[in-house]
Amino acid sequence: MACCRAYLLIHKASTSRDSKQLTPMKQMRISPIAAFATALLVWQADAFVTQSPSEQRFQRHQLSVASLSEMGEQDKSYVLSQEEVNPLITLGNAPKEKIINGFGLRALAVSLVTGPIWMLAMFLVEQASKVNPEWDPNHAIFDGTGKVWAKVWLGLTDSTPTISGEVQALKEGQGPCLYVANHASWLDIPVLCTVLDPVFKFIAKNELEKVPCIGQQLAGGDHILIDRDDRRSQFRCFKKGVSWLKNGVPLMAFPEGMRSPDGKLMNFKGGVFSMATKTQVPIVPISVGHTHAVMPGNALFPVQAGRGKLHIHVHKPITTTGKSEEELGEEVRAALLSEMPFDQHPEETTMSAKQVEEKELATV
């Protein structure tokens, strides 16, 4: 039923003579076959948004495992040496060079096949929403196409992550909140999209609007794009974020403000928790493991498969009532580190048991 509804709206949008509705591509006509094919992707996104709690639990449990700390696997590292990566293509010069290896060519091929389908799906959902604005008021179905793409892309590149922690709470009355995660790779975004509630908004740098597919998703989904060098932009983003939270829509932020160059957790930027304290919503930390090993900062695409390596741990919500941003920062940092691999801990927090014992003896 949802697939048929999506097809009718998409086909109606594509054949409409109202140029105001089709300003971006008003002369474009989509064939019934193309509309139906894209409607299948929209249907998957719609189903992803409207699943029953029992269906959601079944899907989550398929990927759910024990946490890294419970399995005693925090000391594992999957970072490859330059020789193991074996770059086939090198673009640019150090320190901004980008590499592609054999596995990266596979990921490139997957991107070239799935990217255009995702872009077409976003365009047609946008046009369908103009025909019937009530169909997707919070852009949940529009964003859902990106989450379907993320799952398909990760699956085809053999990089589906494992998940642990408070996963069910994301779907069972979590309500408005601020999700926060460590940021070590471009891969963090699709990986997080496999677990987060389909109705949420990223807080991201405005430069991402220029990135193919991702930029279209962020702009069309009305996510929060911020220019950190412009105070007016920061104020507008704050107001927009507060508005989303008051309307019951969660936000997702990376408190470090940028990708870590070596995967290690960095210091948090100031003001990242202000939207949560203003609206008194909880903060949900999410530890992301090993994305920097699968797709390091100098790679255009993943350099190895992520299956059995990539891991997400959803922590219990942290209340914001009566707490300062400094106190919240300390709690969030402690939570993230508790389930991050040790090779992603800052050097001052990665002392071995022998070093800890020596330090304790020195203070006696």
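Which of the following residues is under 22 Å from Phe301 (Cα atoms), outside any helix (DSSP H, G or I) and not hydroxyl-bearing (Ser, Thr, Tyr): Asn93, Asn138?
On the way: Asn138 fails: under 22 Å from Phe301 (Cα atoms).
Selected residue: Asn93, the only one of Asn93, Asn138 that is under 22 Å from Phe301 (Cα atoms), outside any helix (DSSP H, G or I) and not hydroxyl-bearing (Ser, Thr, Tyr).
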Task: Index of the failed condition, Gly155 passing every other in (1) open to solvent by less than 20 Å² (accessible area, probe 1.4 Å); (2) of a type outside the set (D, E, K, R); (3) at pLDDT 90 or above - done: (1)
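For Lys264, are the conditions met, namely being at pLDDT 95 or above, in a loop (DSSP other than H, G, I, E, B) and surrounded by fewer than 23 Cβ atoms within 10 Å (Cβ to Cβ)?
Yes.
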Open item on the list: Is it the case, given these coordinates, that Trp186 is within 16 Å of Gly306 (Cβ to Cβ), open to solvent by 10 Å² or more (accessible area, probe 1.4 Å) and modelled with pLDDT of 95 or more?
Closed with: no
Task: Condition met for Gly297 (over 16 Å from the mean Cα position of the chain (by Cα), within 20 Å of Trp153 (Cβ to Cβ) and not in a helix (DSSP H, G or I)) - done: yes
TODO: Go through the stretch 155-198 and count every residue that is touching a Pro at 6+ places or on another chain (Cβ under 6 Å) and among the hydrophobic types (A, V, I, L, M, F, W, C).
DONE: 3
TODO: Give the stretch 227-256 a look and list any residue that's in contact with a Gly (Cβ under 9 Å, 6 or more places away or on another chain) and open to solvent by less than 20 Å² (accessible area, probe 1.4 Å), or say none.
DONE: Pro250, Leu251, Ala253, Pro255
- [ ] Might you let me know whether the stretch 301-319 holds any residue that is under 16 Å from Ala335 (Cα atoms), touching a residue at least 24 places away in the same chain (Cβ under 8 Å), surrounded by 18 or more Cβ atoms within 10 Å (Cβ to Cβ) and small (Gly, Ala, Ser)?
- [x] no
TODO: Answer with yes or no whether Gln174 is over 14 Å from the mean Cα position of the chain (by Cα), in contact (Cβ under 8 Å) with a residue 60 or more places away in the chain and open to solvent by less than 10 Å² (accessible area, probe 1.4 Å).
DONE: no
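Considering only the stretch 82-97, how many residues are open to solvent by less than 60 Å² (accessible area, probe 1.4 Å) and modelled with pLDDT of 95 or more?
Filtering the stretch 82-97 for residues open to solvent by less than 60 Å² (accessible area, probe 1.4 Å) gives 85, 87, 92, 97.
Now narrow it down to the ones that are modelled with pLDDT of 95 or more: 85, 87.
The number of residues fulfilling the criteria is 2.
Table: residues versus (1) surrounded by 22 or more Cβ atoms within 10 Å (Cβ to Cβ); (2) at pLDDT 95 or above; (3) in contact with an Asp or Glu (Cβ under 8 Å, 6 or more places away or on another chain).
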| residue | (1), (2), (3) |
| --- | --- |
| His290 | yes, yes, no |
| Thr321 | no, no, no |
| Ala334 | no, yes, no |
| Leu337 | no, yes, no |
| Glu348 | no, no, no |
| Gln355 | no, no, no |
| Val364 | no, no, no |
- [ ] Collect the residues in the stretch 63-98 that are within 16 Å of Ala305 (Cα to Cα), over 23 Å from the mean Cα position of the chain (by Cα) and hydrophobic (A, V, I, L, M, F, W, C), keeping them in residue-number order.
- [x] Leu80, Val85
Task: Count of the stretch 98-137 residues which are farther than 27 Å from Thr160 by Cα, in contact (Cβ under 8 Å) with a residue 40 or more places away in the chain and open to solvent by 50 Å² or more (accessible area, probe 1.4 Å) - done: 3
- [ ] Being of a type outside the set (A, V, I, L, M), within 19 Å of Pro261 (Cα to Cα) and open to solvent by less than 60 Å² (accessible area, probe 1.4 Å) is the filter here, so list the residues in the stretch 70-81 that pass it.
- [x] Tyr78, Ser81
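The values are calculated or read from the model by the stated rules, or taken from the named source; none is laboratory data. All figures in this text were calculated on a predicted structure; none of them were measured in a lab. A quick note on method: Cβ atoms are made from the backbone with ideal geometry, for glycine too, and the neighbour counts reach across all protein chains shown. SASA here: full protein model, heavy atoms, side chains in, ligands and nucleic acids out. Shrake-Rupley method; radii C 1.70, N 1.55, O 1.52, S 1.80 Å.
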